[in-house]
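Since the structure comes first, as structure tokens, the remarks are kept for the end.
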Amino acid sequence: MFIKSEIRKVTIALEKALGHEVYVRLGQAGIIHLSRLQTGDEHKDAGIHAAEGRMRDILAGSGFALNVLQIETGETFVSEEMPDTERDAEYVLNAKRIVERMQCLRSRIQEKAAAVAVQLQYAEALNRMGIDPGALKKARLVRMVFGQVADTVPARPLDGPFILAGTGRFQFGAALPQAVPQMLQFLKEHGFIDKTADISGLSLENLKRRETVLRRRLDVLDRYADGLRKEMGPALLKLYHSYKGDEEVAQAMRLSAFSAKAIFITGWMDARDKQRLVSILHEICGERFIVSDWRDPDAPVRLMNIRLFKPFELIVKIMGMPANSEIDPTPLAAVTFVLVFGLMFGDLGQGLVLTLTGLVLKFIAKKMAKEDLGQAGGILIACGLSAAFCGILYGSLFSSEHIIPALWIRPAQSIMDLFSFTILLGAVIIVVGLCVNIINAFINADYPEALLEKRGMAVLILYVAIVLFAVRYMSHRQAPASWEIGAFIFLPLVVFALRGVFGPLFFQAKKPYDIGEYVTETVMDVVEIALGMFANTISFIRVGAFALAHAGLSIVTYTLAGMADPGLKSFAAITILVAGNIFIIGFEGLICGIQSMRLEYYEFFSKFYKGDGVVFSPFVLKTKMSEV
């Protein structure tokens, strides 16, 4: 507990020809968090850089060809051997050209077929009306129009100087030149769209023959595509799969540095995985490699908690990953979060329901392989058990306080005792937070922070003394003695006020720039500490307040059920009890979770936590290995 995995910086030097295979095996093992050899180092091998470009071209070209040939890509894999990118690029380029020509020809034929289909539709309409399509192009003495209307055109006016004919939504009209405006006006009133210019003038038989020819050409292209699919499909699919997997390896290799004959891989690894790394390198390189590792204060972080506390890493990571310069607060977060939630949501039955819900979430997370959901389920299980235990202390079972006895207090009947306990609990949590900050400061040899600053030893002694004096006065009505005030209140205040003197004198800290500014800053800091600590401590009264609210909602639920049936045996009363418990579990459970997180982050973590660490993320290949 409270410790993290020992992550060490590692650098590997090996023959460049073996780089691809080593990266593949490292990706399978998932033991190295990769980085550049030096910050800003962009040095790359020219051959590798060219191969990356060809690899992207192969992926794009093979993907395009497979899409045109309508071949599903399926699952990708990665090969342990470095592929011959020049040969594969030439093959894919040739295949892409063939497929592009086929697609271009198919597009032109389909465009012509679509145009012929429209012409055929017009010709069939004119044929049903007994009109030769060629007449529309050859007419000289009369004006002929053809088109579509939005609705059915009524009969031509008896005195209308034009002729109309129609079939379905298609309409034909003819008129002498002087009557054309009147005819067009009549047609436009019915949504007429003129298609006369789109008529080709070909006969219906000619259009059908052309449609047949175009359909035959498309059939020939389909057979040609089938042949390409059988001839080139397997090779293109294999190339696409292989290079799609190798793309991950290529992206990782971009972080490496190269010399004429060597490749240098650098990153971080868990010290426990060193022997595994050496075994992989021995298997691939024999004795022709060099591995060096050392401690790095800026190394990424991998938390190492027991199974009981593992889910609560989710709460910690929301505030950032703990850095190497601070202890892992996950165990403390687990204990304080679960305790606070249980006190707010104390009910045996409802707590067990939350536990069951957490078990369901963990089961779903296992099926869906979602770690965060599984951690949330684990947190819910722990909170449910805590709520169930506090329900035994409160004597509450599914909102009823008349079924089981209370082993401690009933919130609604002992309000002040509950509030006093929760405030005292908050003070203990704050003290733990200050102690953690002091420990972190000692770990980093930051002695002024540990002893003199706002969250250091001086303020801790002052805060603990005030809390103990207050508890003693409330319980025994005994005020602190003068020497106690001087030793535990006045002296820590003096030490804190003179931190600008003691720091440079004993710990080589920086001296204040200006005395007046330092005095003003110190006075403001003392006021800030007093108000902040008071507010942080009183904030924990919300724990008792929500425990009281929980009891109040329970009373309301049973009151409403009693109004429906004093014996609580009717269907209406049982329905109210079930609905009320569901509401309390859902609504107040959510509120208590939010309030627990607020207390965790603002009142506890704010005393010590920085969270500026980097998560250890090893290089892992997402694709499977080729069986070829």
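At a glance:
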| quantity | calculated |
| --- | --- |
| Of the criteria (1) open to solvent by 20 Å² or more (accessible area, probe 1.4 Å); (2) touching a residue at least 40 places away in the same chain (Cβ under 8 Å); (3) in a helix (DSSP H, G or I), which one residue 357 fails | (2) |
| First in region 319-342 and in contact (Cβ under 8 Å) with a residue 12 or more places away in the chain and part of a strand (DSSP E or B), second anywhere and open to solvent by 20 Å² or more (accessible area, probe 1.4 Å) and of a type in the set (Asp, Glu), Cβ under 9 Å, 6 or more apart | 321/612 |
| Inter-residue pairs, beta-carbon under 9 Å, first under 12 Å from residue 10 (Cα atoms) and in region 262-291, second in a helix (DSSP H, G or I) and hydroxyl-bearing (Ser, Thr, Tyr), 6+ apart | 265/23 |
| Qualifying residue in region 423-435 (condition: open to solvent by less than 20 Å² (accessible area, probe 1.4 Å), β-branched (Val, Ile, Thr) and touching a helix residue (DSSP H, G or I) at 6+ places or on another chain (Cβ under 9 Å)) | yes |
| Residue match in region 276-295 (condition: open to solvent by less than 40 Å² (accessible area, probe 1.4 Å) and under 29 Å from the mean Cα position of the chain (by Cα)) | no |
| Single residue of 485, 489 found to be in contact with a Leu (Cβ under 7 Å, 6 or more places away or on another chain) and at negative phi | 489 |
| Selected residue (criterion: modelled with the lowest pLDDT) from residues of region 99-122 that are of a type in the set (S, T, N, Q) and open to solvent by 70 Å² or more (accessible area, probe 1.4 Å) | 121 |
| Meets criteria (part of a helix (DSSP H, G or I), in contact with a helix residue (DSSP H, G or I) (Cβ under 9 Å, 6 or more places away or on another chain) and exposed (fewer than 15 other Cβ atoms within 10 Å of the Cβ)) for residue 495 | no |
| Output for region 306-340, where each listed residue is open to solvent by 10 Å² or more (accessible area, probe 1.4 Å) and in contact with a Pro (Cβ under 7 Å, 6 or more places away or on another chain) | 309, 324 |
| Qualifying positions in region 102-119 - hydrophobic (A, V, I, L, M, F, W, C) and within 45 Å of the chain's Cα centre (by Cα) | 102, 104, 105 |
| First in region 199-223 and open to solvent by 70 Å² or more (accessible area, probe 1.4 Å), second anywhere and modelled with pLDDT under 85 and not acidic (Asp, Glu), Cβ under 8 Å, 6 or more apart | 210/202 |
| Pairs, first more than 22 Å from residue 296 (Cα to Cα) in region 25-37, second part of a helix (DSSP H, G or I), C-beta under 6 Å, six or more apart | 25/280 |
| Selection status of residue 230, closer than 25 Å to residue 71 by Cα, open to solvent by 80 Å² or more (accessible area, probe 1.4 Å) and within 34 Å of the chain's Cα centre (by Cα) | no |
| Scan of region 325-373 for residues that are charged (D, E, K, R), over 24 Å from the mean Cα position of the chain (by Cα) and at pLDDT below 95, ordered by number | 326 |
| Residues being open to solvent by less than 80 Å² (accessible area, probe 1.4 Å), under 13 Å from residue 342 (Cβ atoms) and either among the hydroxyl-bearing types (Ser, Thr, Tyr) or not in a helix (DSSP H, G or I) (or both) - total across region 381-410 | 3 |
| Selection from region 241-253 of residues that are open to solvent by 40 Å² or more (accessible area, probe 1.4 Å) and in contact with a Ser or Thr (Cβ under 6 Å, 6 or more places away or on another chain) | 244 |
| Region 592-620: number of residues that are open to solvent by 20 Å² or more (accessible area, probe 1.4 Å), in contact (Cβ under 8 Å) with a residue 24 or more places away in the chain and either out of contact with any Phe, Trp or Tyr (no Cβ under 7 Å at 6 or more places or on another chain) or among the acidic types (Asp, Glu) (or both) | 14 |
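The values are calculated or read from the model by the stated rules, or taken from the named source; none is laboratory data. Given the structure is predicted, the values throughout are model-derived calculations rather than measurements. In this analysis, Cβ positions are derived from the backbone assuming ideal geometry, glycine residues included, and neighbour counts consider all displayed protein chains. For accessibility, only protein heavy atoms count, side chains too; no ligands or nucleic acids. Shrake-Rupley method; radii C 1.70, N 1.55, O 1.52, S 1.80 Å.
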